[in-house]
1. Can you compute 3J(HN,Hα) from phi for each residue in segment 110-127, using the Karplus curve 6.51 cos²θ - 1.76 cosθ + 1.60 with θ = phi - 60°, rounded to whole Hz and x for Gly and Pro?
2. Under 10 Å, Cα contacts only: if you run a Gaussian network model on the chain, which one of 116, 22, 144 comes out with the highest mean-square fluctuation?
3. Which of these, 52, 174, 147, has the largest mean-square fluctuation under a Gaussian network model of the chain (Cα springs below 10 Å)?
4. Determine the alpha carbon to alpha carbon distance for each of 170/197; 89/163; 58/89; 88/197; 58/119 and list only those over 31 Å.
5. Assign unit charges at the C-beta atoms only (+1 for Lys and Arg, -1 for Asp and Glu), then state the dipole size of the chain relative to its Cα centre in Debye, rounded to the nearest 20.
6. Picking from 122, 187, 5, whose Cα lies most toward the positive end of the charge dipole for the chain (charges on Cβ: Lys, Arg +1; Asp, Glu -1)?
7. So what's the net charge close to residue 194: Lys and Arg +1, Asp and Glu -1, counting the other residues with Cβ under 12 Å from its Cβ?
8. Considering all alpha-carbon pairs of segment 106-198, what whole percent are spaced by more than 17 angstrom?
Amino acid sequence: MTISLNSPMPELADRIEREGIVQGNEILKIDHFLNHRIEPGFMQRMAREIAARLRQFKPDMILTAEASGIAPGLMVALELDIPMVYGKKYHPDVEIPSISRVIPSPTKGGQVKMVVSQKYLTPGLRVAIVDDFLSNGRTATALVEIAKEANCTPVAAAFLVAKSFKQGHKMLEAAGVPVVTLAQVDALVDGKAILHKG
């Protein structure tokens, strides 16, 4: 049986619709169960869904970014029984040689430098990117670039939630990286998240 890369996970979609806090037409706050307060059982169920969709790509490693990518990245790595590496944003002192990218941080304002030690990205690895949110795609694209610079192959990029009205999905597909999602938000209107049903 083929698993759709972007079919909605009903439990996640339901929680976003019932519990999500929408600010304006841009911000969806679901920190209370996704990336600040984390429910391990729920995170594990989401990770199983992501892992089931990623298996066909045969990844050797999960690559994510701190801090909010670590929980889903680690749980997916556990499900797939492969290692996880994360890009350090706040303490960019890592073993050299290293690969870095400067990325805009809308949530923190300004820019941050994300760094990964090349020691952990062995040439030839098949790398799957995993993160909590996909919006404009800057962090995900930076992770894809880091993987490529390390002579690894980014085989897919997986997200718990994607804002389909932003450019991230298109940017990754233009880079030749298939995108996996569990929930796609088509719009944020009148204090509600409108989710893709198909």
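1. These are the phi-based 3J(HN,Hα) values: x, 10, 10, 9, 10, 10, 10, 6, 5, 4, 9, 10, 5, x, x, 5, 9, 10 Hz.
2. Checking each option, the largest mean-square fluctuation is seen for 22.
3. Among 52, 174, 147, the largest GNM mean-square fluctuation belongs to 174.
4. Check vs 31 Å cut-off fails for 88/197.
5. Details: 23 positive and 21 negative charges, 52 e Å.
That gives the chain a dipole magnitude of about 240 debye.
6. 122
7. Around residue 194, the surrounding residues sum to 0.
8. Working: 2266 of 4278 pairs.
Summing the P(r) of segment 106-198 above 17 Å gives 53 percent of all pairs.
The values are calculated or read from the model by the stated rules, or taken from the named source; none is laboratory data. The structure displayed is predicted, hence computed values, not measured ones. We place every Cβ from the backbone using ideal geometry, glycine too, and count neighbours over all the protein chains shown. Heads up: the accessible areas ignore ligands, DNA and RNA and are worked out on the full protein's heavy atoms, side chains in. Shrake-Rupley method; radii C 1.70, N 1.55, O 1.52, S 1.80 Å.
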